[in-house]
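Taken together, the values in this text are just the output of simple stated rules run on the coordinates, not laboratory data. These numbers come from a predicted model, not from an experiment. Quick reminder, even Gly has a Cβ in these numbers, built from the backbone with ideal geometry, and neighbours come from all protein chains shown.
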Amino acid sequence: MADEPFIDPALGLTLVGHRSLAYRAGPVSICIPAHNEAETITEVVSEARRAIEILGADGEVIVAASDCTDETATLARAAGARVIEAEKGKGNAVKAALLESTGTVVATVDGDFRYFGPEPIAATLLRPIMMGIVDATIADLYWRPLYPQMWLYGFLAPLAGRIFPEMLPKVGATPWSGQRAAIRRLWPAELPEGFTVDLTLNLVWNDAAARVRPVPVDDWVNPQRPKPELLRQEFDLITAHGVAKGRIGPQDVISLTSWFAEAQHRMATYQPDSDDVAEFEMMLLTEAIRTMPPPGMQSS
């Protein structure tokens, strides 16, 4: 159309014929929050140490033993980690490890996370940061076995798409992952004590306008422990942050709370013996978007 403005997509872009990124030499810290992980902690610590060797960097491995009543701490020390005690709660463990860490680049790997890729997952996450490509990485996990990503399609993607749309491409398909890394200034001094720590980090890193990117990673396994209260905690966290940042108003939270209740009920209808995974995911997303209340809508 004649009245449409011309937009030059290359405006301000400077092209250079050489690599212009600066390497980060480290040192690196790999922090491992762990609560009664005696079964896996030796492997996780050994792989973290191997990651530092592969990267050729100076580094340290810190295990934050969170209210452990088993041999987690003893086994972690024997495997070569520095062990500190932390209060119960994943966020408390991450915070305690961060306070003790000295690296200019820091990664976290869960104490129950077993990775089957060709190199330790910490190396895969730290490398793009040390090469100067990004400021932070989040593991985009290969999801095995196939199971509907209810949290992503039925909850986070539509809700964050409404409030923080710029965050979605930064955090990838598994933004709940505790496997992540970042330059030191991106790690906040204050963190929640429990399992909302990873979503909190997503929001903090998004606020920082940092170069945050998901990194595809290989096969893995960890115990799937039900956390029935977590979804509501994360809803409260996102909406409160949205209000604080002026993205939504208090009235929006009321209408979104009703939307959230409907989304929970949809997720609970999944029948693994009869529902197709991809179709169920798409149903969750389609319905979540269709029923999303517009800004300022009064809740009925």
So, over other residues within a Cβ distance under 13 Å of T42, counting Lys, Arg +1 and Asp, Glu -1, the net charge is -3
Considering only DSSP beta bridges whose two residues both sit in the chain, what percent are antiparallel, to the nearest 5? 30
Can you give me the Cα centroid spacing of region 25-55 and region 204-241 in angstrom? 21
How charged is the neighbourhood of I138? Take every other residue with its Cβ under 11 Å from the Cβ of I138, and add Lys/Arg as +1 and Asp/Glu as -1. +1
Compare W176, W205, W151 in a GNM of the chain, Cα atoms joined below 10 Å, and give the one with the largest fluctuation. W151
What does the charge count around G117 come to, taking other residues whose C-beta lies under 11 Å from its C-beta (Lys +1, Arg +1, Asp -1, Glu -1)? -3
Expected max-MSF residue from A160, A81, A278 in the GNM of the chain (alpha carbon, under 10 Å) is A278
Choice from G56, G26, G103 showing the highest fluctuation, given a GNM over the chain with Cα pairs closer than 10 Å: G56
Any number yet on Rg/Rh for the chain, C-alpha, Kirkwood? 1.00
Given the C-alpha atoms of region 1-109, compute the convex hull and give its volume per residue in Å³. 189
Order these by the 10 Å Cβ neighbour count, fewest first: E190, E53, E37. E190, E53, E37
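Just want the ordering: D207, D252, D140, from fewest to most Cβ atoms lying within 10 Å of their own Cβ.
With the fewest neighbours first, D207, D252, D140 line up as D207, D140, D252.
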Among S177, S66, S274, what is the fewest-to-most ranking by other Cβ atoms within 10 Å? S274, S177, S66
The orientation-averaged projected area of the Cα convex hull of region 71-111, in nm², is 3.1
